[in-house]
Amino acid sequence: MSIFKRFYPNLYTKTTYNIDFVKLFDHGYRGIIFDIDNTLVPHDAPADIRATMLFKKLHAMGFQTMIVSNNKEPRVKSFADVVGSEYVFQADKPGTKGYLEAVARMALPKERVIVIGDQFFTDIWGANRSGLCSVMVGRISPKEPPHIHLKRVLEQPIKRAYFKKRRQEKKQGLDGWENM
Ligand SMILES: [Mg+2]
C-alpha cells in the first residue's frame, strides 16, 4: 500500500464536464460538493454558461449541490449565486470543517455525498479525512497563482504513483467505478 494513499481520490476523470452524473445518481449519491477554481472554471474566472447549465441539470436530476471553497466570500458567493447553489467559503480544505458543514446543511448521510475537485492536497485529502468519496478532475487551465503552482510541483510524486496504480487496475479490467 502506498504512503500516498491518503491523497488518492476514488475516481479520476479529465474534466468535471464528462463525469457520468447519471451513474453517480444510480450509485446512490444525492449531494455533490464542488470546488470552484480549475474544477468548474479557470482560476478566478466567473461562472460561465457551461457551469450554469451543469448545475441546472444536476438540480433537475434531484442532486443537492454545495460549493466548498477556500476562497473568500465575494468570490464564492458571486459564483454560487449565478449557478444557483449553496456554498461554504474559506473552508480551510484539507481541514474537514467546511466539508462536514456542507454535508450537515444538505442533511444527507456521508455515503450519499461526493466531492469533486482538482487538487490532491486540498480537495481530495480533505474529502478522505472527512470520510467522503471523491472524484478528482484534471485542472481546466494551467494559469494558476504561485502558491498553487508550488502545490502542483509537490503533487507530482503522488500523481505519478496514483496514475501508475490506475494503469495497473485498468490492465485488470477495472474502470475505477468499483471504488465508488
Ligand atoms: Mg481548485
Those residues of the stretch 1-32 that are open to solvent by less than 20 Å² (accessible area, probe 1.4 Å) and not hydroxyl-bearing (S, T, Y) come to a total of 8
Flagged in the stretch 144-158 as open to solvent by less than 80 Å² (accessible area, probe 1.4 Å) and within 15 Å of the ligand (Cβ to nearest atom), in numbering order, are E144, P145, I148, K151, R152, E155
Screening D44, D81, D35, D48 for residues that are touching a helix residue (DSSP H, G or I) at 6+ places or on another chain (Cβ under 6 Å) and either surrounded by 19 or more Cβ atoms within 10 Å (Cβ to Cβ) or more than 22 Å from K110 (Cα to Cα) (or both) leaves only D35
In the stretch 145-170, anything charged (D, E, K, R), out of contact with any strand residue (DSSP E or B) (no Cβ under 7 Å at 6 or more places or on another chain) and more than 13 Å from T122 (Cα to Cα) is listed as K159, R160, K164, K165, R167, E169, K170
For helices (runs of 4 or more DSSP H) lying entirely in the stretch 12-105, having 3 or more residues that are within 14 Å of the ligand (Cβ to nearest atom) picks out 73-83
Pairing a residue in the stretch 102-120 that is closer than 17 Å to N70 by Cβ with any residue that is of a type in the set (F, W, Y) and within 16 Å of the ligand (Cβ to nearest atom), where Cβ atoms lie under 9 Å and the two sit 6 or more apart in sequence or on different chains, gives A102/Y87; V115/F34; V115/Y99; I116/F34; G117/F34; Q119/W125; F120/F7
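The values are calculated or read from the model by the stated rules, or taken from the named source; none is laboratory data. This one's a predicted model, so the numbers in the text were calculated from it and none came from an experiment. Positions of Cβ are generated from backbone atoms using ideal geometry, with glycine treated the same way; all protein chains shown enter the neighbour counts. To get the accessible areas, we keep the full protein, side chains included, count just its heavy atoms, and leave off ligands, DNA and RNA. Shrake-Rupley method; radii C 1.70, N 1.55, O 1.52, S 1.80 Å.
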